[in-house]
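I have placed the structure first, in the form of structure tokens, so that the comments after it can refer back to it.
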Amino acid sequence: NSNRAAVGHLHRQLYGRRYPVLLVNTDGSTVRLRYSEPKRILMMPLDSNTLPEAERKARLRRHFPSKPKAKEEETFEGIDLDTYKKFWKK
């Protein structure tokens, strides 16, 4: 079916032509180039060795967040059950 490419992507190993792609460098500059796969944007990976120590630790905290803290369970000892007696079925 000719509509197969419109619904999903084609599963190809090699594409027959080059496609215009926007390459974003780590400093924020952009370059238009021709790429073998149909993509809109390519981003260059950031070298963490060139970053300052504080910014590198902040990036690591964002990528690997800490485990969520356990919440305290609610107890029913402080509730007066006589106030809710009218809602019980007999």
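Which percent of the accessible area of the stretch 14-64 is formed by carbon and sulfur heavy atoms (probe 1.4 angstrom)? Can you show the working numbers first?
Values: 2420 of 4470 Å².
Roughly 54 percent of what the probe reaches on the stretch 14-64 is carbon or sulfur.
Averaging over all projection directions, find the projected area of the Cα convex hull of the chain and quote it in nm² with one decimal place.
17.0
Just want the answer: with Cβ charges of +1 for Lys and Arg and -1 for Asp and Glu, which residue in PRO52, THR30, GLY78 is farthest toward the dipole's positive end in the chain?
Checked the options; the winner is THR30.
Grab the Cα-Cα distance for TYR15 and GLU77, subtract it from 0.36 nm times how many residues apart they are, and report the gain in nm with one decimal.
Working it through step by step, the gained length comes to 15.5 nm.
Compute the angle between helix 53-63 and the longest alpha-carbon principal axis of the chain, please, reported from 0 to 90 degrees and rounded to the nearest 10.
Value to nearest ten degrees: 70.
Taking the solvent-accessible surface of protein heavy atoms with a 1.4 Å probe, what is the per residue accessible area of the stretch 14-64 in Å²? All intermediate terms of the calculation are to be shown ahead of the outcome.
Numbers: 4470 Å² over 51 residues.
On a per-residue basis, the stretch 14-64 sits at 88 Å².
Based only on Cα atoms, what mean projected area does the convex hull of the stretch 14-64 have, in nm²?
Details: hull surface 19.5 nm².
Result: 4.9 nm².
If you place +1 on the Cβ of every Lys and Arg and -1 on the Cβ of every Asp and Glu, how big does the dipole about the Cα centre of the chain come out, in debye to the nearest 20?
720
The values are calculated or read from the model by the stated rules, or taken from the named source; none is laboratory data. Please read all numbers here as calculations on a predicted model, not as lab measurements. Heads up, the Cβs are rebuilt from the backbone with ideal geometry, glycines too, and the neighbour counts pull from every protein chain shown. Side chains are part of the model used for accessible areas, which takes the heavy atoms of the whole protein and leaves out ligands, DNA and RNA. Shrake-Rupley method; radii C 1.70, N 1.55, O 1.52, S 1.80 Å.
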